[in-house]
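Worksheet for the structure shown next.
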Protein chains: 2
Amino acid sequence: MTGATPRRMGADESLNREALLDAASELMLEEGYAAVTTRRVAARAGLKPQLVHYYFESMDQLLLDLVRRTTARGRETLARVLASPNPVRRLWEWSSDTEATALQIEMMALANHRKAIRAELADGAKRLRRMQVDALSNVLERLGIVNDVVRPDALMAVIGSLGRMLVMEKSLGVTTGHRNTRALVEHYLREFETRLERSTDSPV
Amino acid sequence: MTGATPRRMGADESLNREALLDAASELMLEEGYAAVTTRRVAARAGLKPQLVHYYFESMDQLLLDLVRRTTARGRETLARVLASPNPVRRLWEWSSDTEATALQIEMMALANHRKAIRAELADGAKRLRRMQVDALSNVLERLGIVNDVVRPDALMAVIGSLGRMLVMEKSLGVTTGHRNTRALVEHYLREFETRLERSTDSPV
DNA sequence: GTCTATATAATGATAGAC
DNA sequence: GTCTATCATTATATAGAC
């Protein structure tokens with residue numbers, strides 16, 4: 001418990017600490033993880049570069065804390081999404097969120113070569129996935145939609161990967177086939193919503 | 001044509017030049033794009049750091065050349081894939097290629113904040129997509145599989161995004177729902193292959 | 001045509017002042 | 001508990017030697 005603390009460090013609840021994480025997040029989103037340097041993070045937060053090392057043990061630790069904060073916030077957003085009366089469509093919209101996807105690419109790239117970040121991101125992804133699949137299973141079961149081919153977790157994989165890819169490609173400037181892909185998704189969403197409305201009309 | 005050449009530069013066909021691109025590719029794959037620095041690229045290629053600037057105008061140019069070479073090689077591989085008697089399954093396998101996916105994440109992240117690289121990567125993606133969709137359309141048409149809901153380009157989007165996501169997640173350490181997702185893909189692949197075999201048995 | 005010596009700026013991090 | 005002066009290292013890039 002009393003592990004040697006080589007250097008003193010700012011409190012976890014500090015406003016400056018949060019400001020530095022905000023700055024890091026913005027930089028990562030706008031210019032990529034390589035732009036998240038001590039000096040640039042500090043400058044954007046209106047602080048001196050040395051303060052980064054006061055509030056964070058290292059740049060790696062700052063990035064790890066950022067990933068943790070981001071996935072935690074993701075769970076909060078997802079909880080609201082899943083509370084919707086039409087969770088499937090909102091899940092699709094959520095999977096197509098531009099900002100979250102851009103951040104995810106950066107963090108995936110970061111995780112590819114930083115063990116601690118990979119573990120943190122994997123944990124976050126698993127927890128999000130479990131929330132999604134649980135909610136999807138509930139809805140499908142409640143509506144009596146049982147399908148041996150398309151299991152809820154597989155359906156979630158399709159929704160998630162397709163949404164993310166459309167956003168990625170669009171930000172890249174590639175939209176080949178997007179119209180038909182969206183039409184395909186819309187087709188199944190409508191089919192689901194028809195069943196949903198039918199079940200909502202009739203009382204439980 | 002005689003634009004001012006501020007600095008002399010190595011020939012395009014030089015072995016050292018290729019070695020530097022190889023080193024950059026390996027580094028990007030193993031440690032991410034941020035690890036692609038003059039010193040590290042040179043060290044891996046067994047050359048002096050200054051040579052990087054002899055063969056490439058700048059680090060940005062090196063990265064751009066690497067993206068161009070990578071997408072060009074991708075087209076060669078894809079052409080072989082599409083020449084297969086069973087192009088749909090091989091397209092699925094190709095979309096699930098681990099190395100290519102890891103490189104793609106890095107390059108997507110890189111493209112997010114470098115205009116020239118974004119343009120190059122977008123061009124490469126469009127050309128690959130066109131090859132894929134053309135081939136898929138041909139096969140589906142030849143087999144008489146016409147479907148207003150699942151158009152060839154949308155089907156390609158599903159195959160591509162799903163394959164990439166499974167690989168990404170697996171490398172992250174997340175495999176929740178992968179079994180059922182693979183089973184889903186396998187279901188449709190088998191269905192397609194049954195029709196394919198039937199059409200191959202009967203001569204044209 | 002190929003490579004080296006060198007310049008300049010940015011990086012993560014530490015020790016110590018308030 | 002908060003912040004600053006400073007360091008060693010690495011980054012990209014240039015000018016010029018062979």
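Rule-based calculations on the coordinates, nothing more; no lab input. Computed from a prediction, not measured in an experiment: that's the story for all the values here. So basically every Cβ, Gly included, is an ideal-geometry build from the backbone, and we count neighbours across all protein chains shown.
Backbone geometry of segment B:76-86 corresponds, through the Karplus equation with coefficients 6.51, -1.76 and 1.60 at θ = phi - 60°, to 3J(HN,Hα) couplings of 5, 4, 4, 4, 5, 4, 6, 7, 5, x, 10 Hz, x marking Gly and Pro. Using θ = phi - 60° in the Karplus curve 6.51 cos²θ - 1.76 cosθ + 1.60, the 3J(HN,Hα) couplings for segment A:120-126 round to 5, 5, 4, 4, x, 5, 4 Hz; x is entered for Gly and Pro. If you wrap the tightest convex hull around every Cα atom of chain A and split its volume per residue, you get 168 Å³.
For segment A:1-112, the alpha carbon convex hull comes to 135 Å³ per residue, rounded to a whole number.
Axis angle, to the nearest 10 degrees, between helix A:15-31 and the longest C-alpha principal axis of chain A: 60 degrees.
Derived from the Cα gyration tensor, the three semi-axes of the equivalent ellipsoid of segment A:114-190 are 24, 23, 8 Å, largest first. Just to confirm my numbers, what's the Cα centroid distance between segment A:76-94 and segment B:98-139 in Å? Here the answer is 30 Å between Cα centres.
For the protein assembly as shown, adding -39500 (n - 2.57) for each run of n ≥ 4 DSSP H residues and dividing by the number of residues yields -25000 deg cm²/dmol at 222 nm.
Under the convention that each Lys and Arg Cβ holds +1 and each Asp and Glu Cβ holds -1, the size of the dipole of segment B:1-91 around its Cα centre is about 180 debye.
In vacuo Debye scattering of segment B:165-204, one point per C-alpha: log10 I(q)/I(0) at q = 0.26 Å⁻¹? Relative scattering, expressed as log10 I(q)/I(0), comes to -0.81. The Rg/Rh ratio of the protein assembly as shown, with Rg taken over Cα atoms and Rh as the Kirkwood radius over Cα pairs, comes to 1.01. Shown in residue order for segment A:59-64 are the 3J(HN,Hα) couplings computed by the Karplus curve 6.51 cos²θ - 1.76 cosθ + 1.60 at θ = phi - 60°: 5, 4, 5, 4, 5, 4 Hz (x for Gly and Pro). What angle, in degrees between 0 and 90 and rounded to the nearest 10, separates the Cα long axis of helix B:152-172 from the longest principal axis of the Cα atoms of chain B? It works out to around 60 degrees.
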